[in-house]
Amino acid sequence: MSNHETASIRRLVAECIDSYEKLAIVVRLSRTRGAPQTAAELAAASALPVELVAEALTALTRDGLVRSTEPNDGGWSIDPSGSRAATVDALARLHDQTPVDVLRMMSEVAMERVRSLTARRFADAFLVSVKKKKEDPDA
């Protein structure tokens, strides 16, 4: 796998695949490209509750990774016209070859999010504290 492909996968994970449920869905749909899967079929294949799969499908649709192929969300597939279809396929291939690498990547991205959020919260707390002292010097 090229460095460019790995960077694209990492960007996809950081921007869209923020849960194991979403990962399971895109991997399953990538394997069955062209054959729509219902939320119930995806839930059964991944041993997830249908409600959780439905929520993930909504988010993945919003992100442009999957599309409903039948009326009333009766079937789902990877959106082949989506700009990230090739990256989704590369993610699925990487998951099939070395799932630990995908899980490691997801964990690293999650830790980066936590560090970033913590740094922002700390900075915000400091600014609030400084503002309070300016307003009330006895605080």
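None of the figures in this text is laboratory data; all of them are computed from the coordinates on show. Only a predicted model underlies this, so the values are computations on that prediction, with no experimental measurement involved. Quick reminder, even Gly has a Cβ in these numbers, built from the backbone with ideal geometry, and neighbours come from all protein chains shown.
Looking at the stretch 70-84, which of its residues are in contact with a Pro (Cβ under 9 Å, 6 or more places away or on another chain), buried (at least 16 other Cβ atoms within 10 Å of the Cβ) and without any contact (Cβ under 8 Å) to a residue 40 or more places away in the chain?
75
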Exactly one of 118, 87 is part of a helix (DSSP H, G or I), of a type in the set (Ser, Thr, Tyr) and buried (at least 16 other Cβ atoms within 10 Å of the Cβ), and that residue is 87
Quickly run through the stretch 1-27 and pick out the residues that are part of a loop (DSSP other than H, G, I, E, B) and either surrounded by fewer than 19 Cβ atoms within 10 Å (Cβ to Cβ) or charged (D, E, K, R) (or both).
1, 2, 18, 19
Show the residue pairs that are 6+ apart or on different chains and have beta-carbon atoms under 6 Å apart, the first residue being within the stretch 1-19 and small (Gly, Ala, Ser), the second being surrounded by 15 or more Cβ atoms within 10 Å (Cβ to Cβ).
8/87; 14/109
Tally, over the stretch 4-37, of residues that are closer than 13 Å to residue 56 by Cα and of a type in the set (S, T, N, Q):
1
Whichever residue in the stretch 93-107 is farther than 16 Å from residue 2 by Cβ and surrounded by 13 or more Cβ atoms within 10 Å (Cβ to Cβ) and, among such residues, is nearest to the chain's Cα centre (by Cα):
106
If you go through 90, 35, 56, the only one that is touching a Ser or Thr at 6+ places or on another chain (Cβ under 9 Å) and closer than 22 Å to residue 6 by Cβ is 90
Tell me, please, whether a residue that is loosely packed, with under 14 Cβ neighbours inside 10 Å and assigned to a helix (DSSP H, G or I) can be found in the stretch 34-45.
yes
Which residue out of 110, 86, 59, 90 is out of contact with any strand residue (DSSP E or B) (no Cβ under 8 Å at 6 or more places or on another chain) and within 21 Å of residue 38 (Cα to Cα)?
59
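This table checks each residue for (1) out of contact with any strand residue (DSSP E or B) (no Cβ under 9 Å at 6 or more places or on another chain); (2) farther than 25 Å from residue 14 by Cβ; (3) among the hydrophobic types (A, V, I, L, M, F, W, C).
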residue	(1), (2), (3)
33	no, no, no
51	yes, yes, no
66	no, no, yes
70	no, yes, no
Filter pass, residue 56 being crowded, with 17+ Cβ neighbours inside 10 Å and not polar (S, T, N, Q):
yes
I need the full set of residues from the stretch 5-18 which are out of contact with any helix residue (DSSP H, G or I) (no Cβ under 9 Å at 6 or more places or on another chain) and under 15 Å from residue 93 (Cα atoms), in order please.
7
